[in-house]
Amino acid sequence: MATSDDLNQGATLATLSDPPDASVLVRGITDAVIQRLAMRHASASARTATITSPAAGMLTYLVDVKRFDYYDGTTWVPIKGQSSSSLVTAGSPSTTTEVTTGMVVTLPTRAGVQYELTASCLARSSNTGDRIELRIRRGTTTGATQVGGGSIKAYLAASGDTLVGRGLDTPGAGTTTWTVFLARGSGSGTVEVTASVALPAAFTVREVG
């Protein structure tokens, strides 16, 4: 008669009196082990189709949103402290107003939770004295709510300098997209982000509680 493992983890083990059947033995052990690992699923809907009777303590990773969840006995709950990043290795178009840098992060967000936003890049202006700004917006357009940013003064025309933008946001439950824009805050030149494989522009969103 099959018996359970010594650690009470639900692994079905064959005994010497059981009829020999390698497939049953392997499936019993595999089913017990896999449900205690971080199972990969393409999406939440794919997970629902695969795991029809989840057990408390199960851990999954959703590929589409790059997120770990655990099952609390009632529902799937995102694990705290998750983050996502965007790296850009090509410069932005030059602008005299505001333009996207290509740095975009989309992350599943939770109600009442704050997220730390950090963007950095090399930026330059064609004119000395121009103010160059990074603007972090919740959304994908220049009219979206600004939730962070930073600025530098162009001391030498056409030379790049490090520009960092920061912010904190509490977007609520759902899926949130943040976009980093470059803008000329004041002056008369054109501004742009310079980025390369060696010196990429980077944007990170991290859950901080």
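All of the numbers you see were taken from the coordinates with simple rules; none came from a lab. From a predicted model like this one, the values you see are computed outputs, not experimental measurements. When we count neighbours, we look across all protein chains shown, and the Cβ atoms used for this are built from the backbone with ideal geometry, even at glycine.
Between the beta carbons of Thr170 and Asp72, assuming R0 = 22 Å, the FRET efficiency works out to 0.45 to the nearest 0.05. Give, as ranges by residue number, the residues of region 39-54 whose backbone N falls under 11 Å from the point 7 Å along Cα→Cβ of Val63. Counting only backbone N, you get 40-43. A Förster radius of 41 Å, combined with the Cβ-Cβ distance separating Ala46 from Thr97, puts the computed FRET efficiency at roughly 0.45. Descending by average beta-carbon neighbour count within 10 Å, the peptides 165-178, 64-77 line up as 165-178, 64-77, the highest first.
Simple rule: put +1 on each Lys or Arg Cβ and -1 on each Asp or Glu Cβ in region 49-163, find the dipole, and look at Leu122, Gly81, Thr60; the Cα lying farthest toward the positive end is Leu122.
In this label model, Ser23 and Ser83 are separated by 4.8 nm, measuring between points 7 Å along each Cα→Cβ vector. Look at the dipole of region 78-151 built from charges on Cβ: of Ser92, Pro108, Gly143, the Cα furthest out on the positive end belongs to Pro108.
Starting with the highest mean, order 125-137, 81-93, 105-117 by the number of other Cβ atoms within 10 Å, averaged over the residues of each peptide. Can you show the working numbers first?
Details: 125-137: 20.7, 81-93: 16.0, 105-117: 17.5.
Final packing ranking: 125-137, 105-117, 81-93.
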